[in-house]
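Visitor: One structure, pasted below without further comment.
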Amino acid sequence: MKLANANKLKMLSFDNTKVEVLDAKFAVEKLRVMHFVNCQMKNIAGPDSTKVLQAAGSSLKKVNLAHNKIIILPSNFFELCPLIESFIIGSNQIESIPLSLSRMTKLTELDLSGNLLRDDFGNDHQLI
């Protein structure tokens, strides 16, 4: 299944599935909402994941990746989707957050609960 031609699709949800990787088959232009909750997702840092985020670009407003097994957020995640308003990635295995999070001026909801973050977010620099 490939969704690239689903140009009217605004919300994509694969909650409670066995999706393991955010790969190119999920790339949809002008996507506004992306949900992959309680999947088996481990990796969102590869080149295919970048294609998904680039396709959605500044249209993407809400991302929910809670209750997966994600360890690393790509350093360019927030640069690829600069207008995200809601980012929910609680209950994963993330140890650090990219500094680019601090440039998310539209962000109104951020859920990092249930991860492996330290009080310094795993970085040597202040986020806010």
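Visitor: Is it fair to say T105 is β-branched (V, I, T) and either more than 13 Å from the chain's Cα centre (by Cα) or part of a loop (DSSP other than H, G, I, E, B) (or both)? Steps first, answer last, please.
Guide: Numbers: β-branched (V, I, T): yes; either more than 13 Å from the chain's Cα centre (by Cα) or part of a loop (DSSP other than H, G, I, E, B) (or both): yes.
Against the criterion (β-branched (V, I, T) and either more than 13 Å from the chain's Cα centre (by Cα) or part of a loop (DSSP other than H, G, I, E, B) (or both)), T105 qualifies.
Visitor: If you don't mind, another one. Please work out if I44 is within 11 Å of the chain's Cα centre (by Cα), modelled with pLDDT under 95 and surrounded by fewer than 19 Cβ atoms within 10 Å (Cβ to Cβ).
Guide: Here the answer is no, as I44 does not meet what is asked.
Visitor: In addition: So which of S86, S58, S75, S91 ends up being modelled with pLDDT of 95 or more, under 14 Å from the mean Cα position of the chain (by Cα) and surrounded by fewer than 19 Cβ atoms within 10 Å (Cβ to Cβ)? Write out each step before concluding.
Guide: On the way: S58 fails: modelled with pLDDT of 95 or more; S75 fails: modelled with pLDDT of 95 or more; S91 fails: surrounded by fewer than 19 Cβ atoms within 10 Å (Cβ to Cβ).
Of S86, S58, S75, S91, the one residue that is modelled with pLDDT of 95 or more, under 14 Å from the mean Cα position of the chain (by Cα) and surrounded by fewer than 19 Cβ atoms within 10 Å (Cβ to Cβ) is S86.
Visitor: Does at least one position in segment 45-62 carry a residue that is among the polar types (S, T, N, Q) and more than 22 Å from M104 (Cβ to Cβ)? Explain how you work it out, then say what you get.
Guide: Narrowing segment 45-62 to residues among the polar types (S, T, N, Q): 49-50, 54, 58-59.
Those left that are additionally more than 22 Å from M104 (Cβ to Cβ): none.
No.
Visitor: Could you tell me whether any residue of segment 96-114 is exposed (fewer than 15 other Cβ atoms within 10 Å of the Cβ), modelled with pLDDT of 90 or more and small (G, A, S)?
Guide: The answer is yes; a qualifying residue exists.
The values are calculated or read from the model by the stated rules, or taken from the named source; none is laboratory data. The shown structure was predicted, so the numbers you read here are calculated from the model rather than taken from an experiment. For neighbour counting, all protein chains shown are included, and Cβ atoms are generated from backbone atoms with ideal geometry for every residue, glycine included.
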